[in-house]
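Accompanying notes for the structure given below.
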Amino acid sequence: MRKLILLFVSFLCVEFCMAQSINLEENIQASPLTDARNGSLSLGDIDNDGDLDLLVLGQDAGTLNTILYENDGNGNFTEKTGTSFIGLQFGHADFADVDNDGDLDLLYTGSNFSPEYLALLYLNDGNGNFTLESNTPFQGSSSGEFVFEDIENDGDLDLLMTGFKQVNFNPEGFVALYVNDGSGTFTEVGVTPFEQVTSGSIVFIDVDNDNDNDVIISGEDANDVAITNLYTNDGMGNFSLAANTSIADFAAGDIAVADTDNDGDQDVHICGQAAGVGNVSQLYLNDGTGEFSLVLGTPFPATFVGTSDFADFDADGDFDLLVTGAVGGAEFTSNIYENQGSNNFVLVDSLVDVYLTSTAIADLDGDNDLDVVISGISNEINGFIPRVYINETITSIATIENDENILVFPNPNNGVFQIKTSASTFSIKVLNAIGQLVYANNDMDENSQVKLNQPSGIYLITIESDNTITSKKLILKSTSN
């Protein structure tokens, strides 16, 4: 497999750009967004109009808010009136189509002033109107994280959650897994191998290229000791603790994954407080089997209570890195590092310096590059207001083709497409612009049709057959229902 990956790198069919240095400019006209300290952000096309809307959760002085802002298509946001979302802080939010009806529903967690810990699921009617689903099994949580992912390869989104729960009015760490029956009804998995943690981070990653979703969970255990565990998936949603990941034990930070060196496997960046070390910001390369090695000499600042995000900000075919958080004392950071190839990262841009950060990265203004929304606490004037940054990087697009016999059509498309190739059978993977695997199929033929339920934007599709791998750009203009 390693030789095939090297061959893939040598003849990769990529659309890339000769770019100036990455440049994101704050859109001060984006909206009078409300203060959102101790909060969370999430982007999703709530009304299927082709642009991404914004949910902001957090505290505005003495008020707790959960506010939905609609996008005008140009990255300008207006508060949607008539919503009934409960205001929370110290939470996490995400949009996902939990009931497979073609629209994005909303789950968010957090605490109120009581403090009461909550987990609230709102179902979307398809037009951006949400109704609270009262009968869910989700653990109310604070200062935690959750991730939607299809762990069983059955075509629906399951849920893994961590954070603080209340036990006899005392906070206690937990990790809980919920499986979806396909209609949005979730059932908690009673027995899992997951060690209970607080101050945790979760990321799903196919560490061994077997087309199922493994998971890395970090945080503090019951003894307040930082841990990082890798759990491998058997393809049916059953997880086993891996013996050793070589990734540092850490908490109060974040994990990001992407193929940073274009060798066909997923690499890892962490930031947070590492056991016995202090703050770290470390990049680990995957050898394709789930064994990781630390990359020395990277320029990333060691941070905690911040974020880590891979994203191809300059559209050159590799993943850049945004790192935020507290460096120490009253010093915070928010830096973008351009990947200039071979994991040579260089600082190229800085956003508002924040900690207790939440970030959301996507194409906000429809120009096919990645913009950023960032919230947190800063020392600047209006230091609690979320900021919208529009990507102004200037690019000159050129295309290299390596196999004209492979055709993805139609392209652009609305999420439904086919692939023409001379091979009788082949496999495909589709990754979004921030390196996440959003679709995989190992049993494709010329009559197979792919249907992606993903936001509009640019995706990378890899097609493997007859010991060769080809990569092509895929453009989704709107999402098919």
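Quick notes on this structure:
- Between the listed residues I469, N382, Y122, the Cα displaced farthest toward the positive end of the dipole of the chain, a dipole computed from Cβ unit charges relative to the Cα centre, is found at N382.
- Region 334-383, dipole about Cα centre (Lys/Arg Cβ +1, Asp/Glu Cβ -1), debye to the nearest 20: 280
- Its Cα centre serving as origin, the chain has a Cβ charge dipole (Lys and Arg +1, Asp and Glu -1) of approximately 620 debye.
- Phi to ³J(HN,Hα) by Karplus 6.51 cos²θ - 1.76 cosθ + 1.60 over region 242-255, Hz, x for Gly, Pro: 6, 5, 7, 9, 6, 7, 4, 6, 8, 8, 6, x, 7, 10
- Evaluated over the chain, the count of Lys pairs having alpha-carbon atoms less than 26 Å apart is 17 (only pairs 8 or more residues apart or interchain).
- Rounded to the nearest 500, the 222 nm mean residue ellipticity of the chain from helices alone is -500 deg cm²/dmol, with -39,500 (n - 2.57) taken per DSSP H run of at least 4 residues.
- Given charges at beta-carbon only (K, R positive; D, E negative), |dipole| of region 198-281 in Debye: 360
- Å² of accessible area per residue within the chain, as computed with a 1.4 Å probe and no ligands counted: 41
- Taking the chain and dividing mean pair separation by its residue count, relative contact order in percent (alpha carbons under 8 Å, at least six apart): 15
- Amide hydrogen neighbours beyond the local backbone of F313, cut-off 5 Å, H modeled: D320
- Local electrostatic count at N413 - Lys and Arg +1, Asp and Glu -1, tallied over other residues with Cβ under 13 Å: +4
- For region 361-367, 3J(HN,Hα) per residue [Karplus equation, 6.51 cos²θ - 1.76 cosθ + 1.60, θ = phi - 60°, Hz, x = Gly/Pro]: 10, 5, 7, 8, 10, x, 9
- Overall, the accessible surface of the chain at a probe of 1.4 angstrom is composed of carbon and sulfur to the extent of 46 percent.
- Per residue convex hull volume, Cα atoms of the chain, in Å³: 139
- Amide H to amide H, with H built 1.01 Å from N, V175 comes under 5 Å of V197, counting only residues 5 or more places away or on other chains.
- ³J(HN,Hα), Karplus 6.51/-1.76/1.60, whole Hz, each residue of region 65-82, x for Gly, Pro: 10, 9, 10, 9, 10, 8, 8, 7, x, 10, x, 9, 10, 10, 4, 7, 7, x
The values are calculated or read from the model by the stated rules, or taken from the named source; none is laboratory data. A quick note: this is a predicted structure, and the numbers were derived from the prediction, not measured. Here the Cβ is made from the backbone with ideal geometry for all residues, glycine too, and neighbour counts use every protein chain on show. Please note that ligands, DNA and RNA were not included when accessible areas were found on the heavy atoms of the full protein model with its side chains. Shrake-Rupley method; radii C 1.70, N 1.55, O 1.52, S 1.80 Å.
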